[in-house]
1. For the pairs K42/K238; K181/K303; K260/K294; K116/K230, flag any whose C-alpha to C-alpha distance is greater than 26 Å.
2. What does the charge add up to near N262, with Lys and Arg as +1, Asp and Glu as -1, over the other residues with Cβ less than 11 Å from its Cβ?
3. Apply the membrane-span-like helix rule to the chain: whole DSSP H runs, Cα extent along the own long axis of at least 18 Å, mean Kyte-Doolittle hydropathy at least 0.0. List the helices found.
4. Whole number please: convex hull volume per residue of the Cα set in segment 5-324, in Å³?
5. D for segment 113-250, whole µm²/s, Stokes-Einstein with Kirkwood Rh over alpha-carbon pairs at 25 °C and 0.890 mPa s: what number?
6. Evaluate the distance, in nm, between pseudo-label points positioned 7 Å from the Cα of D82 and of T183 along their respective Cα→Cβ axes.
7. Return the unpartnered cysteines for the chain, using a Cβ-Cβ cut-off of under 4.7 Å.
8. Out of all Cα-Cα pairs in segment 117-161, roughly what percent, to the nearest whole number, are more than 17 Å apart?
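Any read-out appearing in this document is the output of simple, stated calculations on the displayed coordinates, not a laboratory observation. Computed from a prediction, not measured in an experiment: that's the story for all the values here. Cβ atoms come from the backbone with ideal geometry, glycine included; neighbour counts cover every protein chain shown.
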Amino acid sequence: MNLKNEAFEQIILSLHPSSLNLILFPTEHCNFRCTYCYEDYKIGRMMPEVVSGIKNLLHHRYKTLKLLEISWFGGEPLLAKDVIFEISETILSLQEQNPDLNYAANITTNGYFLTKQVAEELINYGISSYQISLDGDRQLHDTTRVLSNGKGSFDVIMSNLLALKQIQAEFTVLIRIHYQKSTFVELKSLIDTLNDNFGGDLRFQFYFKSVDKLGGENDEDIEALSPIEKAEIEAYLKNFVADSRQVYSMSNQYICYASKPNSLAIRANGRIAKCTVALDDERNDIGYIQEDGKLCLFQEKLKPWIRGLESLDLKTLACPWESLNHNKKIGSSK
Ligand code: SF4
């Protein structure tokens, strides 16, 4: 497939020093133990010197930045929302000093702590885009997205989603509906519930995503699906969405942040990664941030991640990790 203008624009932006994307892990702990999760939760809260390092980095860069995108990731990022608020506070004050700075922020959360009050606080800090996963109706979801104490999480997430609907502000919630070969036929009842409660509210978008083998210890319990099977299942599921404007589809020109030179993931311990899935892979440990905000990057380790910019091969650009790792069948992140 040839690259279209949209992909070229992303590539140009990804090389421009006035643009920066940081994926931040305020904690790598999680209150969930999803049965297919690939993370090992070994690293806890972001260390204070890392928080200072990020704030100092932003102080060094803000005058020349035109575009700053912050993606909050984890673990469950809302377990350390004070870290999120502290760094966001700095960003808002820097933005006041540089009105040319466009700032956008999003968060990938399991939704358990995303109450109306927390969402309103996040929106005030400019974090207005949320990605939350559901695996089915209550019965199905609660067999896979379980809390660390073994209890289900569906009721709390759904009540939080319903409360979000009451907020009179601009935000988007991407509800990621996970399917597996063994579960997809049971997803209609969840889609019916979503239609009933969120149908027509375009702030809520529905994205169908397969559960893939991502290299964690739960991989052997996951049944791999071929690209054709995925396409068929997704077409089947999309049919049940009442308002087609709420179906979110990934662009076939998608370029992963890991392929972009000015996109860096800063982990809770200050190590820098490109990919948010291959967290245990030594090739993905490409440097670290110092307390003074200096980024120490190992250029030789960075190169393989951004090699798609030379070949312009869309498959490599879409997931540089997959082609680095032929032997494992993996898929895209969270
Ligand atoms: S697994 Fe692939 S698509 Fe997902 S973050 Fe890593 S490189 Fe990007």
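1. K42/K238; K181/K303; K116/K230, as the Cα separations exceed 26 Å there.
2. +1
3. 81-97
4. 136 Å³
5. Answer, rounded: 155 µm²/s.
6. Modelled inter-label distance: 3.4 nm.
7. Within the chain, the cysteines lacking a partner Cβ under 4.7 Å are C30, C256, C275, C296, C319.
8. 43 percent
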